[in-house]
Structure formats: C-alpha cells, structure tokens
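Asks: Supplied in structure tokens, the structure appears directly below.
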Amino acid sequence: MKIKTKTEALNIVETSYLASLSSLLWVALYYLPIGGALLRLILPLPMILLHLRRGTKIALEGLIIQLLLLFIIMGPVRGTLFLFPYGILAFWLGWFWLKEKSWRISLTVGVIIGTLGFFLRVVALSTLVGDNLWVLITRASYSLLEKLIGLFNLPFSPSIFSIQLGAVILIIFQEIVYVLTLHVVAYSLFPRFKLTIPDPPRLLNSLVDLNN
C-alpha cells in the first residue's frame, strides 16, 4: 500500500502505537499482581484518544488490530476478553464524545456495557478455570449483607433472592464508580492533547472541579 498523504501516514502510525499500548496494558492487567486498579482505569484511554483524534473508522481499525494482537499473544479466550467491557466501552465512549453526547447518555450506556461485560467475563473465566466464579461473588454479597444486618440489628436473615440481588447491585455500583471516574479522568486529561469532551452535568461540576 502506497502512502500518499501525511494524514494517511499519521493514521497508520497512531493506530499502530495506540493499539499496541492498549494491548500492553491489557497484558499487564492480566498478568501483573499489582496496579490492577490503575491499569483498569487507563486501559480504555488509548483507544478513546485514537477515536477522538482520527475518527470512528480508524478507531474501529485500531480495535481490530488490538484484537488480533491479543489473539496471537494470549490466545482466543484471554485475548478476546479485553472486549468485555474495555474494548467495547472505549469504542462507544469515544463515539459518544466525538458526537458531543451528554454525560447522561455516555454514563448510562457505559454502565450497561460494563455490567454486561462483567457477567460475560464471569462466564468465560468460569469456563476457563472449570469452576463457578459466581459463587465467590454471592459469598461476598452474603458477607456484606450479614455485616449490614448486624450493624443495624435487623431481625431477619438474608434469603437467596436478596443475596443474588445484592451481588447484582454491587456489580452495578462498581461499574457506576468506574465509568464515572473514567469520565472525570478523560475530562481532565484530554485537553492537554488539544481534545475536548462534553462538559459534565451541573450535579457533577463540583466533582470535576475538585479533581482539577
């Protein structure tokens, strides 16, 4: 393929570098025993950056390149797990911010993608390790409910339904915190690359100002 313009060259170079960086972050998140929270937070940022700088078509190409890289490096299961939710979340957040959609839309869709991605990862990893990992999540939910019941001296014991519901609520709350933090970090960081995302709602102004 003959490169005719500077824009085409930049598209190729930036796609390669940012897809490789995002792949490296996923490998580090999967294998390193430390820094998981920080790596989870910055993992979607390279592909979002590519989307905002080069557009949707180039971002989709970058996502495919990253998928192929991880497929070769880590295998078909571990390599594709980055899609759920990090790859898909990065692509859609980049699209929402490129189209200047409000935080209400990007946050809502981001939490939905994150929650569905969490359940898909549980299913995939349970199949990979040969054990039902949902049991561990329900145990954590049961432990938390027991502590709350003891703290407030409530006269009942948690049922199976309440334990399962508590686990789902914990997952959704985790995704709300994660996606909101990702918004705040991107809003603070991207202006340094001469990129902007839509302003937050008034209710979140104080949080963003505190971060700045």
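Asks: Which of Ile160, Ile42, Ile112 ends up with the largest GNM mean-square fluctuation for the chain, with Cα atoms connected below 10 Å?
Replies: With Cα springs under 10 Å in the chain, the top fluctuation among Ile160, Ile42, Ile112 is at Ile160.
Asks: Report, ordered by chain and residue number, the lysines lying within cross-link reach of Lys99, taken as a straight Cα distance under 17 Å and ignoring same-chain residues fewer than 8 apart.
Replies: Hits, sequence-local ones excluded: Lys57, Lys194.
Asks: Here is a further query. Of the residues Leu145, Leu116, Leu182, which exhibits the maximal mean-square fluctuation in a Gaussian network model of the chain defined by a 10 Å Cα contact cut-off?
Replies: Leu145
Asks: Still on this structure, please answer the following. With helices defined as uninterrupted DSSP H runs, which ones in the chain have an alpha carbon span along their own long axis of at least 15 Å and mean Kyte-Doolittle hydropathy of at least 1.0?
Replies: Sorted by number, the helices that extend far enough and score high enough are 56-74, 86-98, 103-129, 134-152, 160-189.
Asks: Please express the shape of the range 12-94 as an equivalent ellipsoid: the semi-axes are the square roots of 5 times the eigenvalues of the C-alpha gyration tensor, given largest first in whole angstrom.
Replies: After diagonalising the Cα gyration tensor, the semi-axes are 19, 14, 11 Å.
Asks: Among Ala9, Val123, Ile65, whose Cα projects farthest towards the positive end of the dipole of the chain, with charges put on the beta-carbon of Lys, Arg (+1) and Asp, Glu (-1)?
Replies: Ranked along the dipole, the leading option is Ala9.
Asks: In deg cm²/dmol and to the nearest 500, what is the mean residue ellipticity at 222 nm of the chain if only DSSP H runs of at least 4 residues count, each as -39500 (n - 2.57), divided by the residue total?
Replies: -25500 deg cm²/dmol, from helical runs alone.
Asks: Please give me, ordered by residue number, the trypsin sites (Lys or Arg not before Pro) of the range 76-116 that lie in loop per DSSP and have at most 11 other Cβ atoms within 10 Å.
Replies: In loop regions of the range 76-116 (DSSP not H, G, I, E or B), the sparsely surrounded trypsin sites (Lys or Arg not before Pro) are Lys99.
Asks: Another question, if that's okay. So what's the chain giving for Cα Rg divided by 2.2 N^0.38 Å, two decimals?
Replies: 1.16
Asks: On to the next question. Within a Cβ distance under 14 Å of Val122, other residues only, what is the Lys/Arg minus Asp/Glu net charge?
Replies: 0
Asks: With the Cα gyration tensor of the range 108-212 in hand, give its eigenvalues times 5 under a square root as the equivalent ellipsoid semi-axes, listed largest first in whole angstrom.
Replies: Each semi-axis is √(5λ); the values are 34, 21, 10 Å.
Asks: What is the magnitude of the charge dipole of the chain about its Cα centre, with +1 placed on the Cβ of each Lys and Arg, -1 on the Cβ of each Asp and Glu, and no other charges, expressed in debye to the nearest 20?
Replies: Values: 17 positive and 9 negative charges, 120 e Å.
Taking the Cα centre of the chain as origin, the dipole is about 580 debye.
Asks: Still on this model: Using Cβ contacts closer than 10 Å as the measure, can you line up Arg40, Arg53, Arg139, Arg192 from fewest to most?
Replies: By the 10 Å Cβ count, ascending, the order reads Arg192, Arg139, Arg40, Arg53.
Asks: If each residue's Cβ is checked for other Cβ atoms within 10 Å, how do Phe119, Phe152, Phe173 rank with the fewest at the top?
Replies: Phe152, Phe173, Phe119
Throughout, read-outs are computed from the coordinates displayed, never taken from laboratory work. Not measured: the values here are computed from a predicted model. Virtual Cβ from ideal backbone geometry, glycine too; neighbours counted across all protein chains shown.
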